[in-house]
Amino acid sequence: MSNNTHQFQTEVRQLLDIVIHAFYSDREVFVRELVSNSSDALEKLRLKQLTGAAIADPERDLRVTITTDEEARTITLADSGIGMTRDEVVEFLGTIAHSGTKKFLEAMKETQGGTQDLIGQFGVGFYSVFMAADKVEVTTRSWQPEATAVKWVSDGQEGYTLEDAPADTPRGTSILVHLKEDAANFSKAEHVRYILSKYSNFIGFPIDFNGEHLNTVQAIWMKSKKDVTTEEYNAFYQFIGHTESEPLTYMHFSADAPIVLNSVLFVPDENPEAMGFGRCEPNVSLYCHKVLIDSKPEKLLPEWLRFLTGVVDSEDLPLNISREMLQDNSLLRKISGIITKRFIKHLEGVAKDEAETYEKFWAQFGRYIKEGVVTSWEHKDALGKLLRFESTFTESGKYTSFADYVSRMKENQKDIYVLYGTSRAQLEHSPYLDALNARGFEVAFLTEGGDQFVMESLMKFDDKDIKAIDRSNLDLPDIEDTAPDTPALDEEEAGGLSSWISDTFKERFSKVSTSNRVISAPAIALQGEHDISPEVKAYLKAMGQEVPETHPEIAFNPRNPIVMKLAELRKSDTELATLLADQIINTALLRAGMLDDPARLADNSQALLEKLLQK
Ligand code: ADP
């Protein structure tokens with residue numbers, strides 16, 4: 001191999017193999033990818049200019065030049081952007097440098113098949129050119145005045161060659177695409193014009209197409225909302241999001257004070273993290289008066305808003321701000337705060353005016369809102385309004401909000417009640433509901449992992465405490481005795497029974513009592529106020545982590561016939577009474593998901609039966 005011949009990295013070869021066998025219909029995506037690379041390269045150059053760096057060919061204006069040659073079966077895409085040095089060419093056009101492409105490869109492995117869709121959705125960057133090309137020549141010269149120009153040539157198979165390009169090569173990059181025979185239509189002017197009109201309306205630089213000026217420069221986020229049509233928003237989204245789909249909802253927001261801000265943010269129609277692509281990267285670009293500062297700034301918006309795609313533009317940012325400065329910049333924090341607040345408001349508006357869209361949003365992105373409650377302390381109250389859940393008052397599959405819950409609260413109801421579990425069906429049978437149902441109080445069903453953390457972060461809604469009804473610290477108002485004539489243990493008997501059980505099962509409970517919270521069951525187990533929930537406990541166990549000790553409480557139903565019998569038995573037949581009490585307790589723990597050792601229930605059942613049958 002001569003020293004100007006280079007091998008592609010293994011992953012690049014894998015990627016190329018997929019790309020080369022892509023569907024015809026996906027092929028046009030390569031035009032979008034190359035134009036978008038040119039646009040990025042031009043943005044980067046403009047930023048260099050504005051910050052006063054010394055630049056090669058300073059007079060050269062910023063534009064994209066596209067030419068087709070039907071006879072030669074070629075298309076050339078050139079720009080006067082930042083260009084690449086020899087080292088950069090080796091890195092960018094020989095390895096998988098771009099993290100999106102890496103993710104694409106990972107997703108490919110997971111989805112096995114279905115790959116064609118992924119190419120259209122994700123875009124695979126520069127390498128997509130090999131969908132249509134059997135040979136590509138890249139001639140490039142970096143903006144750095146002393147850099148030499150290089151020429152990269154490849155057929156997309158094993159590797160590429162690299163050699164010096166003529167000394168008079170202008171700054172920027174030119175990509176000469178030799179088209180495959182069956183991709184000849186990309187050398188036809190009309191076909192390419194159509195593709196460009198589809199993808200490249202929003203390029204912030206002039207495009208010359210076969211000597212003719214094509215598009216007008218449009219930065220729709222700088223326009224007034226009323227001057228932008230839905231189609232334009234959609235097209236802009238498709239362009240910046242590298243996607244064919246339409247956004248679920250978008251927000252266009254402008255402000256003059258306290259900071260000059262223009263922003264357009266899009267919610268995708270599907271949660272990218274649910275499609276097996278792993279955690280998504282922030283995709284909201286930061287501009288300063290139409291100049292791109294950073295296409296994926298880390299700290300621009302809070303983490304939980306990473307599903308958004310869009311643009312934030314602020315004239316107040318210094319142009320020469322570096323990535324490091326972006327990390328810790330008080331102005332950026334302010335911008336983040338303002339945009340986040342506005343976006344939450346936007347979602348509130350969607351929930352109010354476009355119920356169906358909000359439902360879709362909640363199904364796809366609800367988890368991010370919950371993440372926001374836990375991680376964005378300053379926004380948690382506003383985010384609380386966006387939460388949705390089922391409850392004892394909703395039909396199965398229908399959602400409600402805390403605001404609606406509060407509007408339905410009974411006069412004597414102080415707190416908001418919630419119950420954690422794995423499904424509505426499971427929670428509907430919970431013995432904890434009895435006491436709340438009897439009082440006509442609504443209970444929210446929270447059935448997703450992590451809900452407990454979310455509620456513990458939220459703590460309150462509308463000044464009302466949020467309380468889990470399986471906790472011991474519920475302070476329920478007394479209710480009128482609906483059946484005053486049913487026999488019940490009197491206070492003395494109840495007290496006696498409680499202390500006997502306390503003594504007998506000393507180590508197991510923090511408190512034993514009789515309580516008006518139990519209505520149908522003989523007893524319920526309650527979690528101590530500061531205990532972790534059974535779900536969290538199970539999770540910690542599964543992760544092999546240490547599980548903190550919990551201190552459940554047991555509350556007996558003084559009206560239950562079994563309990564009344566127990567109160568008698570404990571005086572006449574302690575052995576049987578102990579077995580019976582253990583049975584009641586284990587059943588209550590089981591129903592609460594708090595029985596750590598199911599064998600205990602089985603063993604005790606057997607012993608109890610044997611004892612009863614002996615009689
Ligand atoms: P992406 O553009 O998404 O990062 P690509 O595979 O398309 O991924 O390109 C890889 C890298 O090659 C780019 O990040 C950029 O640094 C460089 N590059 C591609 N096209 C150009 C161009 N026209 N001018 C300058 N650099 C380019």
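The per residue volume of the convex hull around the alpha-carbon atoms of the chain is 201 Å³. Here r is the Cβ-Cβ distance between residue 260 and residue 359 and R0 is 35 Å; the resulting FRET efficiency, rounded to 0.05, is 0.50. The aspartates and glutamates whose alpha-carbon is closer than 16 Å to the alpha-carbon of residue 48, local same-chain residues fewer than 8 away aside, are 40, 57, 59, 61, 79, 146, 294.
What's the FRET efficiency of residue 378 with residue 575 using the Cβ-Cβ distance as r and R₀ = 51 Å, to the nearest 0.05? So the FRET efficiency works out to roughly 0.25.
Projected onto planes of every orientation and averaged, the convex hull of the alpha-carbon atoms in region 427-563 covers 9.9 nm².
For residue 400, the amide hydrogen comes within under 5 Å of the amide hydrogens of 389, 390, counting only partners 5 or more places away or on other chains and with H modelled in the peptide plane.
Overall dimensions of region 387-479, expressed as equivalent-ellipsoid semi-axes from the Cα gyration tensor (√(5λ), whole Å, largest first), are 18, 15, 14. On the beta carbon distance between residue 393 and residue 539, with R0 = 41 Å, the FRET formula returns roughly 0.90. Over the chain, Cα pairs under 8 Å with separation of 6+ residues give a relative contact order of 9 percent. Exposure proxy shown here: for 197, 396, 401, the number of other Cβ atoms within 10 Å sets the order, fewest to most, as 396, 197, 401.
In summary, the lysines within cross-link reach of residue 188, defined as a Cα separation below 17 angstrom excluding same-chain residues under 8 places away, comprise 180, 198.
Each label point was placed 7 Å from the Cα along the Cα-to-Cβ direction; for residue 273 and residue 230 their separation is 3.0 nm. Residues 476, 387, ranked from the fewest to the most other C-beta atoms within 10 Å, line up as 476, 387.
Taking every lysine pair in region 469-615 that is 8 or more places apart or spans two chains, those with Cα atoms closer than 20 Å amount to 5. Figure the gain on full extension for residue 69 and residue 547 (residue separation times 0.36 nm, minus the Cα-Cα span) and round it to one decimal in nm. Working it through step by step, the gained length comes to 165.0 nm. If one takes the longest principal axis of the Cα atoms in the chain, at what angle in degrees, from 0 to 90 and to the nearest 10, does the Cα axis of helix 29-50 lie? Roughly 80 degrees, rounded to the nearest 10. Annotation: lysines with alpha-carbon distance below 16 angstrom to residue 385 (same-chain offsets under eight excluded): 341, 345, 352, 370, 460, 464.
The simple spin-label model puts a point 7 Å past each Cα toward its Cβ; for residue 213 and residue 479 those points are separated by 7.7 nm. Scoring 573-583, 405-415 by mean Cβ neighbours within 10 Å over their residues and listing the highest first yields 573-583, 405-415. Only helices enter the 222 nm calculation for the chain: every DSSP H run of n ≥ 4 contributes -39,500 (n - 2.57), and dividing by all residues gives -11500 deg cm²/dmol, rounded to 500. Listed by Cβ neighbour count within 10 Å, with the fewest neighbours leading, 229, 173 appear as 229, 173. When both region 46-63 and region 507-579 are represented by their alpha-carbon centers, they are found 75 Å apart. For region 491-613, the calculated P(r), taken from all Cα-Cα distances in 5 Å bins from zero up to the bin holding the longest distance, is 2, 11, 20, 23, 20, 12, 7, 4, 1, 0 percent. Spin-label model, residue 439 to residue 4: label points 7 Å out along the Cα-to-beta-carbon direction sit 8.4 nm apart.
Bear in mind that the values in this text are calculations on the coordinates, not laboratory data. Everything numeric in this text was worked out from a predicted model, so none of it was measured. All Cβ positions, glycine included, derive from the backbone under ideal geometry; neighbour counts span all protein chains shown.
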